[in-house]
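As structure tokens, the structure follows; a few thoughts come after it.
The values are calculated or read from the model by the stated rules, or taken from the named source; none is laboratory data. This is a predicted model, so every value here is computed, not measured. Using ideal geometry, Cβ is built from the backbone for each residue, glycine included, and neighbour counts are taken over all protein chains shown.
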Amino acid sequence: MTWRDILSKQSGWNRAKSQQFRLSEEEALQLYRDAPLHELMQAAHARRLSMHPDGKVTYLIDRNINYTNVCTINCQFCSFYRPPGHDETYTQTFEEISTRVEELESIGGSRILMQGGVNPALPFDWYLDLLRHLRIQHPSIDLDCFSPIEIEGIAEVCEKSTLDVLRELQEAGMHGLPGGGAEMLVDDVRNDVSPKKGAPANWLRVMEEAQSLGLTTSATNVIGFGESFEQRITHMRRIRELQDRSLTNYDIGFTSFIAWPVQLEVNSFGRRNRGQNKHTLGAGSSEYLRHVAVSRLYLDSIEHIQASWPTMGIEVSQMALLGGADDAGSTMMEENVVSASGTKKVQASEIELQNVIRRAGFTPQRRDSDYRGLATEILSDDPQTLAAPTPNIELRS
Ligand code: SF4
């Protein structure tokens with residue numbers, strides 16, 4: 001089959017017969033390698049419209065809180081962490097964290113995404129007490145906290161299983177887990193860039209345990225470590241396999257898939273490759289858009305594909321909304337992990353996200369962490385009043 005044949009078959013996709021149209025790994029790879037970007041984005045856009053025909057693009061008012069930068073994992077692409085004992089380490093107090101949540105409440109936010117380093121000095125009770133404190137002080141805010149590697153770190157410190165740790169954190173008020181730390185779920189790549197982070201199977205196991213408890217989870221993917229296209233599809237295959245299993249066993253899975261390119265500016269991974277094969281690392285706009293489009297077509301059991309403005313910029317993220325993505329991400333307010341590696345833009349206002357969405361021809365829809373729609377006041381200018389108004393985009397697939 002040619003890429004054209006594969007895309008032609010995909011045009012008949014519908015939700016009821018999704019399995020009949022499911023892409024194999026080989027087909028996804030062929031699309032990744034051979035399909036022209038325009039055709040690929042068009043097919044991904046058609047799929048997105050079939051799955052979400054309401055003409056809306058969702059976004060979230062939330063805040064990242066990076067509660068500690070102490071970490072013992074030493075990922076090469078990370079400029080955020082400091083090793084224990086370093087004079088730039090910090091761990092925020094409950095009051096400091098609470099103040100940040102209050103600031104989020106004051107602008108109508110609905111979720112915090114709290115993640116930090118793997119800090120062996122923090123006992124399990126610290127995490128439980130923090131969640132209980134936040135649950136009482138900020139009952140309307142969803143607490144999506146601690147990525148799988150942090151859960152593993154906590155389990156090691158308290159000598160409990162990761163499942164028991166998750167259960168107790170949930171009882172203390174945790175709503176879900178951030179999807180961070182997946183990066184590239186391929187042994188060779190992981191061993192090269194973050195050898196202490198544990199095998200891909202660990203990340204997948206912790207996420208499956210979280211899903212078995214009904215916690216909200218998302219899946220992430222960082223590209224541009226020098227991995228092959230095959231390895232990128234392998235990452236997606238592992239995510240899809242877990243998604244299928246969890247939907248069958250627990251009736252819950254990843255809410256969304258979010259990919260972005262590794263940032264190379266100020267970390268040891270970037271320095272290691274500077275002047276040598278740097279041009280082969282990271283990912284430019286067209287490669288990113290290709291990745292988003294393939295992920296929409298291949299990850300047929302994941303409802304939402306998110307565009308990443310913090311790494312790609314607002315303009316490219318807007319293009320992603322016309323190539324498979326249906327979610328514009330979140331306003332963030334604060335972000336310290338990816339931004340430490342060189343991204344310039346670390347927060348967006350609600351009006352900015354609405355502008356991006358409306359000028360792409362969609363209706364902005366606020367959502368919560370579980371993608372439930374929230375009341376949305378339209379703040380942005382009507383794009384039809386612009387000097388060059390938004391083209392009339394056909395919203396049928
Ligand atoms: S990416 Fe996370 S686990 Fe890796 S060094 Fe940074 S803070 Fe630690």
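Here are the numbers:
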{"item": "Any hit, segment 163-176, residues being within 16 Å of the ligand (Cβ to nearest atom) and closer than 29 Å to GLN263 by Cβ", "result": "no"}
{"item": "Top-ranked residue in segment 279-331 [being assigned to a loop (DSSP other than H, G, I, E, B) and more than 28 Å from MET114 (Cα to Cα); ranked as modelled with the lowest pLDDT]", "result": "LEU281"}
{"item": "Residues satisfying the stated conditions in segment 28-78, i.e. among the acidic types (Asp, Glu), over 30 Å from GLY116 (Cα atoms) and in contact with a Ser or Thr (Cβ under 9 Å, 6 or more places away or on another chain)", "result": "ASP34, ASP54"}
{"item": "Residue count, segment 241-269 (criterion: part of a loop (DSSP other than H, G, I, E, B) and either modelled with pLDDT under 95 or over 13 Å from MET207 (Cα atoms) (or both))", "result": "7"}
{"item": "Matching residues, segment 163-179, being more than 26 Å from VAL101 (Cβ to Cβ) and either surrounded by 24 or more Cβ atoms within 10 Å (Cβ to Cβ) or not acidic (Asp, Glu) (or both)", "result": "LEU163"}
{"item": "Candidate set: segment 145-162, residues that are away from the ligand (no atom under 14 Å from the Cβ) and in contact with a helix residue (DSSP H, G or I) (Cβ under 6 Å, 6 or more places away or on another chain); chosen: the one nearest to THR217 (Cα to Cα)", "result": "THR162"}
{"item": "Filter result (more than 16 Å from the ligand (Cβ to nearest atom) and under 19 Å from the mean Cα position of the chain (by Cα)) within segment 183-208", "result": "VAL186, ALA201, LEU204, ARG205, GLU208"}
{"item": "Where ASP142 falls short, out of the listed (1) modelled with pLDDT under 95; (2) away from the ligand (no atom under 15 Å from the Cβ)", "result": "(1)"}
{"item": "Unique match (being within 28 Å of ASP125 (Cβ to Cβ) and of a type in the set (D, E, K, R)) among GLU183, GLU209, GLU227", "result": "GLU209"}
{"item": "Qualifying position, being under 22 Å from the mean Cα position of the chain (by Cα) and more than 19 Å from GLU208 (Cα to Cα), among SER110, SER106, SER140", "result": "SER110"}
{"item": "Filter pass, GLU156 being in contact (Cβ under 8 Å) with a residue 40 or more places away in the chain, part of a helix (DSSP H, G or I) and more than 28 Å from GLU105 (Cα to Cα)", "result": "no"}
{"item": "Count of segment 56-77 residues which are at pLDDT 95 or above and over 17 Å from the mean Cα position of the chain (by Cα)", "result": "8"}
{"item": "Test: ILE136 is at pLDDT 95 or above, within 16 Å of the ligand (Cβ to nearest atom) and either out of contact with any helix residue (DSSP H, G or I) (no Cβ under 9 Å at 6 or more places or on another chain) or part of a loop (DSSP other than H, G, I, E, B) (or both)", "result": "no"}
{"item": "Residue that is surrounded by the most Cβ atoms within 10 Å (Cβ to Cβ), among those in segment 1-38 that are hydroxyl-bearing (Ser, Thr, Tyr) and farther than 19 Å from GLN243 by Cβ", "result": "TYR32"}
{"item": "Scope segment 116-150; condition buried (at least 23 other Cβ atoms within 10 Å of the Cβ), within 20 Å of LYS197 (Cα to Cα) and out of contact with any Gly (no Cβ under 9 Å at 6 or more places or on another chain); matching residues", "result": "GLY116"}
{"item": "Of all residues making up segment 338-363, the number that are modelled with pLDDT of 80 or more and more than 24 Å from SER110 (Cβ to Cβ)", "result": "2"}
{"item": "Residue check for SER79: within 16 Å of the ligand (Cβ to nearest atom) and under 30 Å from ARG232 (Cβ atoms)", "result": "yes"}
{"item": "Hits in segment 46-76 (condition: within 16 Å of the ligand (Cβ to nearest atom) and under 30 Å from SER301 (Cα atoms))", "result": "ASN64, ILE65"}
{"item": "Hits in segment 220-249 - residues which are touching a Gly at 6+ places or on another chain (Cβ under 7 Å) and more than 16 Å from the ligand (Cβ to nearest atom)", "result": "GLN243, SER246, LEU247"}
{"item": "Every residue from segment 180-221 that is surrounded by fewer than 17 Cβ atoms within 10 Å (Cβ to Cβ) and among the polar types (S, T, N, Q)", "result": "ASN191, SER212"}
{"item": "Restricting segment 364-397 to residues that are surrounded by 15 or more Cβ atoms within 10 Å (Cβ to Cβ) and more than 18 Å from GLY109 (Cβ to Cβ), the residue that is modelled with the lowest pLDDT", "result": "SER397"}
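Residue-wise test of (1) touching a strand residue (DSSP E or B) at 6+ places or on another chain (Cβ under 6 Å); (2) modelled with pLDDT under 95; (3) not in a helix (DSSP H, G or I).
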position	(1), (2), (3)
LYS196	no, yes, no
TRP203	no, no, no
MET207	yes, no, no
GLY214	no, no, yes
THR217	yes, no, yes
ASN221	yes, no, yes
GLY226	no, yes, yes
GLN231	no, no, no
ARG237	no, no, no
